[in-house]
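The values are calculated or read from the model by the stated rules, or taken from the named source; none is laboratory data. Please read these numbers as outputs of a predicted model, since none were measured by experiment. So basically every Cβ, Gly included, is an ideal-geometry build from the backbone, and we count neighbours across all protein chains shown.
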């Protein structure tokens with residue numbers, strides 16, 4: 001069944017049930033969500049003929065408000081792809097860079113849309129305009145809604161050449177993902193409350209949005225403001241009555257630092273769903289101790305294969321064992337292959353690049369057929385099914401039981417607190433700043449995870465009078481904030497006369513990792 | 001422990017966590033804004049304070065703007081000693 005039809009069913013059956021409650025006190029019911037998204041969809045459908053809708057993306061800009069969720073649904077119902085941009089994690093220049101890659105996108109600006117981004121966009125519909133559209137009412141034919149190979153959403157992730165790239169996920173991908181998602185954890189998912197913490201521009205948030213709204217559940221959204229204070233977060237969590245916890249392991253670690261974070265705070269939590277980075281044994285062990293009644297699921301999957309494609313329940317025994325936790329078995333509809341540098345399949349136990357094949361692999365990168373051709377292909381299985389395949393650039397191996405173990409990246413991509421970062425993108429943005437002649441990033445690890453980012457640069461520009469390396473570093477970080485999200489700003493900037501080189505003329509990252517500032 | 005000794009210990013501790021000796025000279029700079037502390041590193045600071053000074057500050061007891069500079073962190077320890 002299509003995601004959008006499931007939401008319609010709940011809007012008809014339980015219109016007064018809450019679809020979302022935010023920690024700022026905003027709430028929207030299924031009835032309101034359906035009615036309001038219909039009114040906005042009517043406008044979006046009127047802008048372009050049905051035959052062009054699929055290639056006319058809409059930016060939905062803002063934060064964790066009911067109007068954002070309404071905007072996502074409006075796009076789906078109008079048959080247009082949506083591009084979620086979180087106003088707190090995406091700075092103005094980056095939003096402009098995203099808009100510039102899209103064909104004059106319409107913008108649903110639930111928060112003030114930066115002027116720089118408006119310059120490269122089409123019509124910007126402000127909050128006031130959206131309210132007027134909602135008051136005017138109306139709806140759109142169910143025939144307009146996205147289906148099958150139509151693009152549902154485009155999520156922009158870090159790109160190694162300096163510009164983010166847009167992963168195009170189809171309606172079929174989402175529906176196929178959802179069919180599996182709803183079975184996870186072996187519990188009845190009807191009407192449950194889902195933690196909604198990850199920014200909407202991060203595909204982890206699809207786990208909770210799709211999961212909650214397809215099953216008549218409620219999103220318990222923690223806003224940016226709430227997340228600035230531990231006391232505020234604990235109070236919001238206590239009031240939320242969460243059944244299903246969805247987050248990165250890093251976020252769980254942060255909450256575990258508060259002794260209050262236990263089953264006496266979250267009395268109803270049944271399931272912890274983790275995605276986005278390596279789940280450490282200690283995190284799972286501490287959660288089992290604090291939440292003895294809850295199950296923990298580890299999952300794995302890049303944005304390019306729709307949120308997650310493997311899963312495994314992490315038992316207390318597994319968490320207590322010294323062996324790193326596996327990321328699990330592929331969902332039905334997904335096949336995994338481990339290949340060497342030439343693309344030859346490797347035997348069980350041998351580490352290599354993870355290739356994901358199946359019915360949730362994205363269409364490719366929007367407007368970038370070059371990048372798409374590099375990573376995506378089509379394969380035909382022996383049963384005659386033809387599916388897309390994606391070369392992840394992730395390294396791992398399949399064990400004798402068919403469980404996938406994740407090792408890390410084959411390239412310069414890192415995960416920091418669950419955020420996917422191409423070090424090359426930061427290097428490129430640094431090189432664009434005046435005075436910087438060369439830049440290379442390193443990402444020191446601690447306890448098996450990236451701890452922070454260090455930029456090594458050669459600076460030959462002007463210094464302000466008496467400006468120390470530290471002060472200059474601060475100034476450069478400030479300048480970077482115009483084009484990069486906060487999680488991509490290096491913690492430390494180290495000034496060098498020249499970058500160390502290897503024999504074949506590449507930056508010697510190993511030597512850099514050993515330099516201390 | 002006198003004030004000077006306390007300061008020195010806090011500075012050494014923050015130097016390690018922030019991975020930058022400049023914190024010695026820059027005691028009123030916002031460490032979050034400067035990218036030297038994030039939510040996780042702030043928790044590390046609280047754990048380190050308990051280990052070094054035996055002062056237990058719950059993560060819920062202080063807001064970010066009460067411990068976002070070197071001088072404010074020293075103050076938070078002092079009022080609890």
Point to revise | Residue that is surrounded by the fewest Cβ atoms within 10 Å (Cβ to Cβ), among those in the range A:257-268 that are within 9 Å of another protein chain (Cβ to nearest Cβ) and farther than 29 Å from residue A:300 by Cβ | key: A:259
**Study point:** Scan of the range A:137-173 for residues that are under 21 Å from residue A:386 (Cβ atoms) and part of a loop (DSSP other than H, G, I, E, B), ordered by number
**Key:** A:147, A:148, A:149, A:150
Point to revise | Output for the range A:174-184, where each listed residue is surrounded by fewer than 21 Cβ atoms within 10 Å (Cβ to Cβ) and either assigned to a helix (DSSP H, G or I) or in contact with a strand residue (DSSP E or B) (Cβ under 8 Å, 6 or more places away or on another chain) (or both) | key: A:176, A:179, A:180, A:184
Review point. Just wondering, is there one or more residues in the range A:477-490 that are touching a helix residue (DSSP H, G or I) at 6+ places or on another chain (Cβ under 8 Å), facing another protein chain (nearest Cβ under 9 Å) and closer than 30 Å to residue A:95 by Cβ?
Key: yes
Revision key, fill the gap. Residues of the range A:444-471 being crowded, with 17+ Cβ neighbours inside 10 Å, more than 16 Å from residue A:499 (Cβ to Cβ) and more than 11 Å from chain B (Cβ to nearest Cβ), in sequence order, are A:450
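Could you go through the range A:235-256 and let me know if any residue there is surrounded by fewer than 20 Cβ atoms within 10 Å (Cβ to Cβ), within 14 Å of chain B (Cβ to nearest Cβ), in contact with a helix residue (DSSP H, G or I) (Cβ under 6 Å, 6 or more places away or on another chain) and on the phi < 0 side of the Ramachandran plot.
Quick first cut of the range A:235-256, residues surrounded by fewer than 20 Cβ atoms within 10 Å (Cβ to Cβ) only: A:235, A:238-239, A:241, A:256.
Checking which are within 14 Å of chain B (Cβ to nearest Cβ) leaves us with A:235, A:238, A:256.
Remaining after also requiring in contact with a helix residue (DSSP H, G or I) (Cβ under 6 Å, 6 or more places away or on another chain): A:256.
With on the phi < 0 side of the Ramachandran plot added as a condition, the list becomes A:256.
Yes; the residues of the range A:235-256 include at least one that is surrounded by fewer than 20 Cβ atoms within 10 Å (Cβ to Cβ), within 14 Å of chain B (Cβ to nearest Cβ), in contact with a helix residue (DSSP H, G or I) (Cβ under 6 Å, 6 or more places away or on another chain) and on the phi < 0 side of the Ramachandran plot.
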Practice item. Hey, can you tell me all the residues within the range A:316-340 that are surrounded by fewer than 19 Cβ atoms within 10 Å (Cβ to Cβ) and touching a strand residue (DSSP E or B) at 6+ places or on another chain (Cβ under 8 Å)? Key: A:324, A:329, A:333, A:335, A:337, A:339, A:340
Check your understanding: When you scan the range A:191-310 for helices (runs of 4 or more DSSP H) that lie fully inside it, which ones turn up with 1 or more residues that are closer than 21 Å to residue A:152 by Cα?
Key -> A:204-214
Check your understanding: Inside the range A:55-87, can you point out the residues that are part of a loop (DSSP other than H, G, I, E, B) and closer than 25 Å to residue A:29 by Cα?
Key -> A:63, A:64, A:65, A:79, A:80, A:81, A:87
Check your understanding: Got a sec? Which of A:364, A:418 is touching a strand residue (DSSP E or B) at 6+ places or on another chain (Cβ under 6 Å) and touching a residue at least 40 places away in the same chain (Cβ under 8 Å)?
Key -> A:364
Check your understanding: In the range A:148-158, is there at least one residue being closer than 17 Å to residue A:40 by Cβ, within 19 Å of the chain's Cα centre (by Cα), surrounded by 22 or more Cβ atoms within 10 Å (Cβ to Cβ) and in the same structural domain as residue A:32 (by TED's automatic domain parsing)?
Key -> yes
Practice item. Within the range A:493-508, track down each residue that is surrounded by 14 or more Cβ atoms within 10 Å (Cβ to Cβ) and outside any strand (DSSP E or B). Key: A:496, A:499, A:500, A:508
Exercise for review: Say whether the condition of being facing chain A (nearest Cβ under 8 Å) and within 24 Å of residue A:234 (Cα to Cα) is met by at least one residue in the range B:6-21.
Suggested key: no
Check your understanding: If we keep just the residues of the range A:491-517 that are under 25 Å from residue A:94 (Cβ atoms) and within 12 Å of another protein chain (Cβ to nearest Cβ), which is farthest from the chain's Cα centre (by Cα)?
Key -> A:494
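Each row is one residue, and each column tells you yes or no for (1) touching a strand residue (DSSP E or B) at 6+ places or on another chain (Cβ under 8 Å); (2) modelled with pLDDT under 95.
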site: A:8; (1), (2): no, no
site: A:51; (1), (2): no, yes
site: A:69; (1), (2): yes, no
site: A:91; (1), (2): no, yes
site: A:109; (1), (2): yes, no
